[in-house]
Amino acid sequence: MSKLRALETGDVASLARHGNDREIWRNLRDRFPHPYTESDAAVYIALVAGQQPRTSFGICVDGVAIGSISLMPGDDIERKSAEIGYWIGREFWGRGIMTDAIRAATDYAFRTLEMHRVFALPFVRNTASSRALEKAGYVREGVMRRSALKDGELLDQYLYAAYDDRWGTT
Ligand SMILES: CC(C)(COP(=O)(O)OP(=O)(O)OC[C@H]1O[C@@H](n2cnc3c(N)ncnc32)[C@H](O)[C@@H]1OP(=O)(O)O)[C@@H](O)C(=O)NCCC(=O)NCCS
C-alpha cells in the first residue's frame, strides 16, 4: 500500500537511489537531472519544504520515499489549472502505485488547491503513463504533435486532463 506524504531530509538517499535511472529521466522534463544524485534530491527536498500550500509529495511504500508527484498550478488566466508530473523507482512499476498516487494528488488539487482542471503531458511512446492516467479517470484531449525535444528526439505528447465537475464520475 502506497501513501503520499511531505518529503523530508531523511528521504534524500532513497529518492536518489530510485530516481537515478536513465529510463525515468527519458520520460521527464530535462529539469529532472541525470544522473540523479543525493545532492539533486537534497536540493529538491529543500526547494519544496517551504511550499505553502504544499504542491509536491513523496510517494511512499512502507514509509520509504520511492518517487514523487507534484502539481504545478498555472498563472494569470490559467491559475485554476495545474499540470501534474510524477515518477517512481523501476522496481515498483506495474503494481498500480501510480494510478493510486495520481488519484490522490488529483483529489487534493480539486479539494485543497481548488483547481478546476489538472492535466498531464506524457510522451506518446510512454504507454504506462497514459494507462495510469486513464485508470485514474483522466480523459485524453488530444495530441500535441512535435511539441517536445527530449534526448535529441522530437516527440509528440498526449494531453490528458481531469476536471473538478466530473471527477469521480468517469
Ligand atoms: C509511468 C509510471 C509513472 C507508471 O507507474 P506505475 O506505478 O507502474 O503505473 P500503474 O501500475 O499504476 O499503471 C501502469 C499501467 O500501464 C501498463 N503498462 C506498462 N507498460 C506498458 C506497455 N509498454 N504497454 C502497455 N501497457 C503498459 C501496466 O500494465 C498498467 O496497466 P494495467 O494495470 O491495466 O495492467 C512509471 O513507469 C514511471 O515512473 N516511469 C518513469 C517516469 C515517467 O514516465 N513519468 C511520467 C511522465 S508523464
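The values are calculated or read from the model by the stated rules, or taken from the named source; none is laboratory data. This structure is a prediction, so every number in the text was calculated from the model and none was measured. Heads up, the Cβs are rebuilt from the backbone with ideal geometry, glycines too, and the neighbour counts pull from every protein chain shown. Heads up: the accessible areas ignore ligands, DNA and RNA and are worked out on the full protein's heavy atoms, side chains in. Shrake-Rupley method; radii C 1.70, N 1.55, O 1.52, S 1.80 Å.
Taking amide H as placed 1.01 Å from N in the peptide plane, Glu83 has its amide H under 5 Å from the amide H of Met72, Gly74, Phe119, each at least 5 places away in sequence or on another chain. Label point of Glu153 set 7 angstrom out along Cα-Cβ; within region 78-112, amide nitrogens under 19 Å from it belong to 86-88, 90.
With a Förster radius of 22 Å applied to the beta-carbon distance between Ser39 and Glu83, the computed FRET efficiency rounds to 0.30.
What is the percent carbon and sulfur in the accessible area of the chain, measuring with a 1.4 Å probe over the protein chains and ignoring ligands?
Within the chain, the accessible surface is 51 percent carbon and sulfur.
Region 151-170 and region 54-115 have Cα centres spaced 13 Å apart.
Taking every C-alpha pair closer than 8 Å and separated by at least 6 residues, the mean separation divided by the residue count of the chain gives a relative contact order of 19 percent.
Springs join every pair of Cα atoms under 10 Å in this Gaussian network model of the chain, and among Gly94, Gly152, Gly19 the largest mean-square fluctuation is at Gly152. Rolling a 1.4 angstrom probe over the protein heavy atoms with all chains in place gives the chain an accessible area of 54 Å² per residue. Here region 28-87 is described by how far its Cα atoms reach on the three principal axes: 37, 27, 20 Å, from widest to narrowest.
Applying a 10 Å radius around every beta-carbon, put 70-80, 49-59, 30-40 in order of their mean neighbour count, most first. Numbers along the way, then the final one.
Values: 70-80: 12.6, 49-59: 16.0, 30-40: 14.2.
The densest-packed peptide leads the list: 49-59, 30-40, 70-80.
Across region 126-133, coupling constants 3J(HN,Hα) worked out from phi with the 6.51/-1.76/1.60 Karplus curve, θ = phi - 60°, read 8, 4, 4, 5, 4, 5, 4, 4 Hz, and Gly and Pro carry x.
Remark on region 118-170: Rg and Dmax equal 12.0, 40 Å (Cα only).
FRET efficiency for the Phe32 to Thr169 pair, using the beta carbon distance and R₀ = 35 Å, is estimated at 0.60.
A Förster radius of 22 Å combined with the Cβ-Cβ distance from Met144 to Gln52 puts the calculated FRET efficiency at roughly 0.10. Every Cα-Cα pair of the chain was included, and the share exceeding 26 Å stands at 25 percent.
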